[in-house]
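> What follows is a single structure, and I will ask about it in a moment.
Only the coordinates and a few stated rules stand behind these numbers; no lab work does. Since the structure is predicted, the reported quantities are computational estimates derived from the model, not experimental observations. Note that we place each Cβ from the backbone using ideal geometry, even for glycine, and neighbour counts take in every protein chain shown.
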Amino acid sequence: MNFERVAIIGTDAISASIALGLKAQKQPPQIIGYDADVATANLARSRGIFDLVERRPGQACRGAELVVVAVPIPAIRDTFAAIAPYLQPGCFVTDTAYLKAPVMRWAEELLPASIFFVGGHLIPNPAIAGSSFLRDKDLEAASADLLRKALYCLTAPAGASGQVIDVFSDLATTLHARPFFIDITEHDGLQAGVEGLPAVLAIALLRATVDTPGWQEMRKFASHRFAAATMAADEIEERSAAVFLNRQNVLLRLDALLDELVHLRDLLTQEDGEPFQEMLAATAEGRSRWIEEQEQGMWVRDLAVDTSNVPSAGEQLRRMFFGAKLARQRNREE
């Protein structure tokens, strides 16, 4: 589907790259942008990311056929409420948040039934985007190529039609990303380990060191390693909200972490240091393997495989919601 007017609500490296990817088409849509920080929105316009900038999110959505909400998680609910009266019937709406369950609830609660919402989460391919961290407001990192071979996680509500699924699958393809339909619970469970748990760890590390007895001297020894270990505590408002909204999944990961910490403590109480060294070696090997795979983008590699039996987007969703057996039965009936 070719969109003629697209609204981008919120400006960061991902949303700006979506805009640039759409503008790279032979028949690009008009991109209307909004950001709570007017200077950021104007900067995006000056760099050709937005064609026009509006001062209110609702105004940006007027007449838009596609709306991409790319604001921090704590602001999503209010943003949905603000844009809902301005969404034209039949328009497509998505988001870019790294949590999906609360976003899907808010969309069902606040967005009109006449629009089509599918949750989105774009994960750039490290082999293309690089392994460095993308800062949320870093427009320098934005480009149409940033999303090439990215993993585009899509979470559709139950009952979403095949046509709606195809629209979002086509959107991913237009951006040269890989559409990946995933169950909401599975998505947020995986995110708990790589987003929620690091945030909790950073908070615990800071509480165990900063402003404790001896910190005034200890801080003089704190180097880049300490800064890197506590980096997840940055943007604390969004991270704390995300951890709390996903707390059931984070608690499961935290329980596993506590078990590991107890095991580590037990090893450190032993006179023989070999078991501790063996555990560290195995852990380091696992991390090295992950880094290598990340740099090569191995989870989305182009492989010469037979794709004739790969399910379509609609089939993928049917299997998600009904199970493979029922999906096969439905196919026979069709």
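> At Phe226 and Asp170, where each label point lies 7 Å from the Cα along Cα→Cβ, what is the point-to-point distance in nanometres?
Between Phe226 and Asp170, the label points sit 5.5 nm apart.
> Kindly provide the helix-only [θ] at 222 nm of the chain, computed as the sum of -39,500 (n - 2.57) over DSSP H runs of four or more divided by all residues, to the nearest 500 deg cm²/dmol?
Value at 222 nm, helices only: -15000 deg cm²/dmol.
> Right, something else. Can you tell me which of 99-110, 67-78 comes out highest on packing, and rank the rest after it, using the mean Cβ neighbours within 10 Å?
Highest to lowest by the protection proxy: 67-78, 99-110.
> Membrane-span-like helices in the chain: DSSP H runs reaching 27 Å or more (Cα, own axis), mean Kyte hydropathy at least -0.5?
Once both thresholds are applied, what remains is 247-268.
> Here's a follow-up. Averaging sequence separations of C-alpha pairs under 8 Å and six or more residues apart, then dividing by the length of the stretch 5-182, give the relative contact order as a whole percent.
It rounds to 23 percent for the stretch 5-182.
> Regarding the stretch 186-269, what is the average projected area of its C-alpha convex hull, in nm²?
6.7 nm²
> Okay, moving on. Which cross-chain or sequence-distant (5 or more) residues have an amide H under 5 Å from the amide H of Val93, H modelled 1.01 Å from N in plane?
The list, which skips near neighbours in sequence, is Val67, Phe116, Phe117, Val118.
> Evaluated at 20 °C with a viscosity of 1.002 mPa s, what Stokes-Einstein diffusion coefficient in µm²/s does the stretch 5-182 have when Rh comes from the Kirkwood expression over alpha-carbon pairs?
Rounded, D is 135 µm²/s.
> How much length, in nm to one decimal, is gained on full extension between Asp145 and Ser161, taken as 0.36 nm per residue of separation minus their Cα-Cα distance?
2.8 nm
> Can you list residues from other chains, or at least 5 along the same chain, whose modelled amide H is less than 5 Å from the amide H of Arg5?
HN-HN under 5 Å from Arg5: Gln30, Glu65, Leu66.
> Apply the Kirkwood formula to the stretch 11-86: the hydrodynamic radius equals the inverse of the mean of 1/r over all pairs of different alpha-carbon atoms; give it in Å with one decimal.
12.6 Å
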